[in-house]
Structure formats: C-alpha cells, structure tokens
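Read through the structure below, which is laid out as structure tokens, and then see the notes.
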Amino acid sequence: QRLNSYLSRIFENFDNDEYFSFIDNIYTYSLKIKKKIHEEANKFARKRFKELLDMDKIEMKSLYSFSETISPLQTIDFLPKSLYEKEAKINNFESQVINEVANMENILFWTRNLEFKGFRINGFINHYPDFIIFTKKGNIIVLEIKGDHLEAEAKIELGNIWASKAGQGYKYFLVYDERDVKGAYRKNHFLELIKEL
C-alpha cells in the first residue's frame with residue numbers, strides 16, 4: 001500500500017513539463033524509484049521479521065553442514081588451522097584479522113564462508129558471514145569483517161539476533177578496524193575477547 005501511494009504521488013501530480021522531463025530522463029527517475037522501493041521493502045521486511053520474532057512464529061533450525069571439500073575459484077595462501085586445504089580469497093583487512101585468529105592457541109579451526117553457497121543467517125536479509133571459527137572449548141564463532149568505510153547496520157542487527165536465539169556456545173561478531181558502531185567490535189577488542197572463548 002505504501003508503495004502504491006508513493007508511485008501514485010509521483011505520477012498523479014505531474015504537470016506536462018514534469019511528465020516530459022520524466023520521459024527524457026526515464027533512467028534517472030527509474031533508479032530513484034527503484035531505490036525508494038528497495039528502501040520501503042527493507043523497512044517492511046525488518047518490521048515484519050521483528051513482529052514474527054516477538055510472536056514466537058520464527059524458529060531456529062540447524063540446516064547447515066560443512067562440505068567434505070570446497071573448490072573456490074580464487075584461493076589464498078595457506079594460513080594455519082584452516083578447515084580445508086584451500087580457502088577462498090580474502091581481502092587485506094580480513095587477512096590481518098583471520099591470521100591473528102588462526103594463530104591463537106584456543107582456536108581449533110576456521111574456514112572462509114562461501115557467499116551464496118555457505119552458511120546463511122536467514123532473516124529480513126540473507127547474511128553470509130565471512131568466517132566460521134570453532135574453538136577448543138566448543139564455541140562456534142560466526143565472524144563478519146568490514147572496512148571502516150562500510151555500513152553494516154542490518155547485518156549487525158540480524159547477526160546479534162541469531163546469536164541470542166542460537167543459544168550458548170554460538171557467537172556473532174561484526175568487526176571494524178577502528179570504527180565504533182553500536183553492536184559491532186573494533187578489531188583489537190574482538191581479538192582480546194576471542195582468546196577467552
């Protein structure tokens with residue numbers, strides 16, 4: 001209904017000049033309209049997801065299991081304690097973080113989560129975190145690593161909801177280098193915390 005009223009407001013109030021301007025710049029207008037529709041759809045999905053959670057109409061199901069082998073198109077140089085012989089490509093900041101994690105005494109193994117193929121947190125968005133880490137104490141850590149210039153509010157919210165519903169022993173961290181964002185962690189703080197898990 002909100003989308004219908006939004007589109008109606010756009011077109012019903014056009015005078016002739018605005019209509020011809022729309023025709024002449026249809027690509028620019030369509031991008032703006034698509035962006036607005038996407039924003040409204042995301043707002044609705046988020047609101048509805050929260051309502052369904054509050055009514056206990058969403059449940060957690062464990063549907064993911066590791067493959068025996070993976071065949072990433074691009075791979076990284078060897079890092080200790082990786083689950084597979086070859087792990088999928090990672091960027092420089094991800095490499096810094098996972099290298100420090102991999103060299104911690106309490107880490108059993110880690111793996112690069114394959115986007116669109118690997119573990120997914122399914123909610124108001126589909127979130128494929130960057131890494132899955134197992135510790136010797138039996139904790140399962142799901143890790144998303146973001147550059148300081150990137151926004152990740154939806155991922156932080158969904159990841160933290162997942163961790164709270166998954167139960168003890170399941171942890172979610174979204175990590176920035178130096179940026180302070182509510183619900184996320186700075187790299188150095190995260191590295192101190194994970195040593196205890």
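Pairs, please: C-beta under 6 Å, at least 6 apart or cross-chain, first residue assigned to a helix (DSSP H, G or I) and in region 2-31, second among the acidic types (Asp, Glu) and open to solvent by less than 100 Å² (accessible area, probe 1.4 Å)?
Filtered contacts from region 2-31: Arg2/Glu40; Leu3/Glu40.
Of all the residues that make up region 50-93, how many are open to solvent by 90 Å² or more (accessible area, probe 1.4 Å) and either in contact with a Cys (Cβ under 7 Å, 6 or more places away or on another chain) or under 26 Å from Leu150 (Cα atoms) (or both)?
Total meeting the criteria: 6.
Would you confirm whether or not region 137-145 contains a residue that is of a type in the set (Lys, Arg), more than 30 Å from Phe44 (Cβ to Cβ), surrounded by fewer than 20 Cβ atoms within 10 Å (Cβ to Cβ) and touching a residue at least 40 places away in the same chain (Cβ under 8 Å)?
Yes, region 137-145 contains at least one residue that is of a type in the set (Lys, Arg), more than 30 Å from Phe44 (Cβ to Cβ), surrounded by fewer than 20 Cβ atoms within 10 Å (Cβ to Cβ) and touching a residue at least 40 places away in the same chain (Cβ under 8 Å).
Would you tally the residues in region 16-49 being open to solvent by 70 Å² or more (accessible area, probe 1.4 Å), closer than 28 Å to Ile121 by Cα and over 21 Å from the mean Cα position of the chain (by Cα)?
The total comes to 1.
Counting only residues that are touching a residue at least 60 places away in the same chain (Cβ under 8 Å) and surrounded by 15 or more Cβ atoms within 10 Å (Cβ to Cβ), which one in region 163-176 is farthest from Lys61 (Cα to Cα)?
If we take residues in region 163-176 being touching a residue at least 60 places away in the same chain (Cβ under 8 Å) and surrounded by 15 or more Cβ atoms within 10 Å (Cβ to Cβ), then Val175 is farthest from Lys61 (Cα to Cα).
Mind checking which pairs have a first residue in region 65-76 that is of a type in the set (Phe, Trp, Tyr) and a second that is surrounded by 13 or more Cβ atoms within 10 Å (Cβ to Cβ) and not in a loop (DSSP other than H, G, I, E, B), Cβ under 8 Å, 6 or more apart or different chains?
Phe66/Thr111
The values are calculated or read from the model by the stated rules, or taken from the named source; none is laboratory data. For clarity, every value in this text was computed on a predicted model and none was experimentally measured. For neighbour counting, all protein chains shown are included, and Cβ atoms are generated from backbone atoms with ideal geometry for every residue, glycine included. Keep in mind that these areas ignore ligands, DNA and RNA; they rest on the heavy atoms of the full protein, side chains included. Shrake-Rupley method; radii C 1.70, N 1.55, O 1.52, S 1.80 Å.
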